[in-house]
Every structure is written in C-alpha cells, then in structure tokens.
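Asker: Quick one: the structure is below, and I'll ask about it shortly.
The values are calculated or read from the model by the stated rules, or taken from the named source; none is laboratory data. Just so it is clear, the model here is predicted, and its values are computed rather than measured. Quick reminder, even Gly has a Cβ in these numbers, built from the backbone with ideal geometry, and neighbours come from all protein chains shown. Side chains included, ligands, DNA and RNA excluded: accessible areas come from the protein's heavy atoms. Shrake-Rupley method; radii C 1.70, N 1.55, O 1.52, S 1.80 Å.
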Amino acid sequence: MFFINYLDRTAIGFAAPNGMNDDLGLSAAQFGFASGVFFIGYILLEVPSNLALHKFGARRWLSRIMVSWGIVALLFTWVQNFEQLVVLRFLLGVAEAGFFPGAILFLSLWVPAQYRGRILMLFYLAQPLTTVIGAPLAGWLIQQHEVFFGLEGWRFMFFGVAIPAIIVGVIAWFYLKDKPTDAGWLTKDEQLWLTDALQKETAATQKKENGHVSAKYAFKSGRVWVLSFIYFGFIYGLYALAFFLPTIIEGFQAQTGQTFDVFQKGLITAVPYLPAAIIMFLWSRDASKRGLKTWHIAIPALAGAVSIPLALFAGSPVATIAVITITASAIFAALPNFWTLPTRFLTGAAAAAGVALINTIGNLAGFSAPFITGAVHDLTGGYEIPMFIVGFVMLVSAVLMILLARSNRINPVTVGEASGDEAADQAVVDEEGSRR
C-alpha cells in the first residue's frame, strides 16, 4: 500500500520532463506549485482522517483512502491545463490524507515497542524501492506512447499507476484486521500473548504520562511540536529530490551530449535509491542492536545537509548521482528510527492525533520544497540557491534533534532486559526530563 501511495504522489515528477510540462505549458514554478499543492489538501484533513481511523478501524479507513486516491489519480490521465492539474493534485492530497500516519498508528497497535523499529524499517523500505522499481516502471509506461487508447505516454503512465491503488484498496478491505484477536493466522496463545504485551505497554505509557491520552494532549505537547519541525527538514530534502531529480537528470543530456530514452532516465533516477534502501536496513538494524541513540537521527540529518549543496560542485553526472545517493541514504536512514519515537509517549487518541500532527507539519515541506525550489530556480536560472536552502533546512533538523536530546526532553535508552535485536529501538521519551 505504501509503495503505491508514494508512486502515485510522485508520478508527476516522472511525467513533467517527459511531455507533461510541454503539453500543458508549465513553467518550473507552475510545476513546483502543482506538485506541492497536493500537501495542502493532505494537511487539511490529516488529523481528522487519523482520528477517524482510530474510531472506525484501520481496515475500513485505509481501504477507503486507497480506493479514493486511486480514483482521483486515474483522472490525471485526462488533465488538460495547469488549473485542472492543480485541482486534481489538491484532491489527491485530500484523498490520501491520513494514510501514512494511519499506517504508523496501525503498526503500533500490532507490534510491541521492542520490535517496532524493525517493523517500521521494513515498512519504510517501500519508499526507496518505489523509486528503484517505480522509476523504470514509469519510464516503460511513458514509452507506450499512443499504444493504449491513443494516450500520450505520460498520460498512460498516470493511468497505469492509478489502477493498482483501487485494486489493492479492495483487497485490503478483506485482508487487514484491526486487532490481533481478529487474526486467523495467529493461534489463540499467540493472540493472547500479543494482546497482553500491547495492553501492558499501553497501561505503562498512560501511567507515565499521568493518563493523558486525549487528542488535546498531543497538540499541547512540546515534544510533538519539536519532532514535527525535525520531520519537516527530512521531508523538505526528500521531496526536493523526488520531484526535481528527473529534471536534473534531463540536464545530464546537455552536459554529456548523450541522449537517454525514457526507460534509461528511469533507471538513472533509481540509482540513488537502491543504496539508500540498503543503508536504511543496516542503520535501523544497528539502532535495534544498540538501542536507539540520538546520533541515529542527527548524523543522517547532518550528512544530508552537507551532501545536498555538494552535489552542485560534483562536476560530472556520475559524481552528481554519487552525492545525491549520499543524500537519499541519509534521509532514509533516519526516517524509520525517527518514527519509533512518538508512539513511545503517546497512546490512544493522543497517538492518532500526535502522529498525524507530526506528519502534517512535516508535509508542509512537501508543499514548500517543490514550490520554493521551482520558484527560486526561475528567479536565479539554476539550482544552486534552492539546494543550499534544502541543506540549511536539514541542518536545522539535526540541531533540533541534538538540542532536544540534551534538554532531556527526549532520552533514548535501552529498556528492560532486552538485548541485541530484541532491544529494537528502545526509546523512552519523558517530557519533563528523565531526571529532575
């Protein structure tokens, strides 16, 4: 579901340099605005959608989200102008609102904290693999120019990536279960053990937080807001890459005098993300063995902040891709470890609202990154200043993470007797400080 989710929202990045911008007459700023306006609709309904998931159950709500966004994504096949593109991108954000935080919340209701880091890492693998597999797939679909229904290649690409969302949404309705006791693949003993482990965890968290589990508590929590701004920096870097990397690769042709077909461009786009998936796996595994430390999140943020501007001085397409690979690896190394933190101190409605709020603030970067990058490119004629902005925003994330840890507002430690893999991101978060 996450694979399709990310592919559908970033498909516009593949379409832009392969006919869409020319056919619709889009400037870089217009493309950036259309890419980013998705997040306005997404942000407006993020928290309400996640609270609805908490109320109605993941099976119904995640399935509803997928079918809704699949239908909207399908309409991109027939978009005719900039105005229609903006409306559809906005509606796609409305339809997708709540999916990612809903999935994070859903996994927290199924997986005890000591295993959650590894599970979130496996879940997050879908995002870099979306580009590894999705970029060449999108390139192949675009190559089918006027082969199916007489559609231009970029239009058929939108058609091809939308249909799976509807199909998988229907499958999810029958496959997903809201709680372990509904799972037919677990024995009764397994159901009892898992339910008991999760209930003890929830009770311990509520006791630690003095019973504060309401949505209002999440909005008043300083930790939630600081984590939101940290996440903003990662998402700013992620979407600056996702939406403009295909366009940067387009410029390699002029730089080298070579001509790449659409499929080859898709393969080049995928290059940074395969190492990123491997690094994410290894980094998260290290966090599981050691217990989550501040540097598991801060070091990747610093690496991303430095590497993005360095790409401007790489001097060759190969060196540029190598530096971008470092950036992508840094971002993806941090994200699954980051998402183990909120559900350590939030449960129930507070968890639904808190995770959604963090994702909402973070995804403001999904709007601002492509729009600012495109607008500044149009003003300056290059990507130098936009990429320095990306680096600065990620640097702020690194600094905030370090300051948060030093203030004892977030204190990653190993808990209990678990060791090795069983430590799995033990992170105790205490708003008032671990020591008074």
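Asker: Which number gives the lysine pairs in the chain that have C-alpha atoms under 19 Å apart and are eight or more places apart or on different chains?
Answerer: For the chain, qualifying lysine pairs total 12.
Asker: Students sometimes get this wrong: rank His54, His377, His296 by accessible area, probe 1.4 Å, all chains present, largest first. Before the final figure, lay out each step's value.
Answerer: On the way: His54 90, His377 40, His296 0 Å².
Correct descending sequence by accessible area is His54, His377, His296.
Asker: Charges on Cβ only, +1 for Lys and Arg, -1 for Asp and Glu, centred on the Cα centroid of the range 116-202; of Ile163, Phe174, Ala135, which one is farthest towards the dipole's positive end?
Answerer: Ala135
Asker: What length, rounded to one decimal in nm, is gained on full extension from Thr380 through to Asp196, with 0.36 nm per residue of separation minus their alpha-carbon distance? Walk me through the intermediate numbers first.
Answerer: Values: separation 184, 0.36 × 184 = 66.24 nm, distance 5.90 nm.
Working it through step by step, the gained length comes to 60.3 nm.
Asker: Right, another one. Could you estimate the translational diffusion coefficient of the range 1-89 from the Stokes-Einstein equation, with Rh from the Kirkwood formula over C-alpha pairs, at 25 °C and 0.890 mPa s, in whole µm²/s?
Answerer: Working: Rh = 14.2 Å.
This corresponds to a translational diffusion coefficient of 173 µm²/s.
Asker: Next question, about the same structure. Once whole DSSP H runs in the chain are found, which of them have Cα atoms spread over 27 Å or more along the helix axis and a mean Kyte-Doolittle score of at least -1.0?
Answerer: Details: long enough: 28-56 (41 Å, 1.05); 153-175 (34 Å, 1.68); 188-208 (30 Å, -1.25); 222-256 (50 Å, 1.10); 317-338 (31 Å, 1.68); 348-380 (48 Å, 1.06); 384-406 (33 Å, 2.16).
Length and hydropathy pass: 28-56, 153-175, 222-256, 317-338, 348-380, 384-406.
Asker: Mind checking the per residue accessible area of the chain for me, 1.4 Å probe, whole number of Å²? The partial results should precede the final answer.
Answerer: Working: 17330 Å² over 436 residues.
Counting only protein heavy atoms, the per-residue value for the chain is 40 Å².
Asker: Along Cα→Cβ, 7 Å out, is where each label goes; now give me the distance between the ones at Leu267 and Ala204 in nm to one decimal.
Answerer: Going from the Leu267 label point to the Ala204 one covers 5.0 nm.
Asker: Viscosity 1.567 mPa s, temperature 4 °C: Stokes-Einstein D of the chain from its Kirkwood Cα radius, in µm² per second? Walk me through the intermediate numbers first.
Answerer: Details: Rh = 22.0 Å.
Once the numbers are plugged in, D ends up at 59 µm²/s.
Asker: Just check the range 244-376 against the gyration tensor rule for me: Cα atoms, a ≥ b ≥ c as the square roots of the eigenvalues, rounded for a/c under 1.5, and otherwise prolate or oblate depending on whether a/b exceeds b/c. Provide the component values of the computation, followed by the final result.
Answerer: Details: a/c = 2.48, a/b = 1.76, b/c = 1.41.
Prolate, because a/c is 1.5 or more and a/b exceeds b/c.
Asker: For the chain, which longest stretch is free of loop sites, where a loop site is one of the chymotrypsin sites (Phe, Trp or Tyr not before Pro) that DSSP puts outside H, G, I, E and B and that has at most 15 other Cβ atoms within 10 Å? If you can, show how the numbers build up before the last one.
Answerer: Values: sites that count: Phe148, Phe149, Trp185.
Longest stretch, sites excluded: 186-436.
Asker: For the chain, which whole percent of the accessible surface, found with a 1.4 angstrom probe, sits on carbon and sulfur atoms?
Answerer: Result for the chain: 66 percent of the exposed heavy-atom area is carbon or sulfur.
Asker: Any idea what Rg and Dmax come out to for the range 274-330 if you just take the C-alpha atoms, in Å?
Answerer: 12.7, 40
Asker: Let me ask something else. Gap in Å between the Cα centre of the range 101-131 and the Cα centre of the range 165-179?
Answerer: After rounding, the separation between the Cα centres reads 17 Å.
Asker: Could you identify which residue out of Leu107, Leu51, Leu186 has the top mean-square fluctuation in a GNM of the chain using Cα springs shorter than 10 Å?
Answerer: Most flexible of the set in this elastic network: Leu186.
Asker: Among Pro386, Ala204, Phe148, whose Cα sits farthest toward the positive end of the charge dipole of the chain (+1 at Cβ of Lys/Arg, -1 at Cβ of Asp/Glu, about the Cα centre)?
Answerer: Ala204
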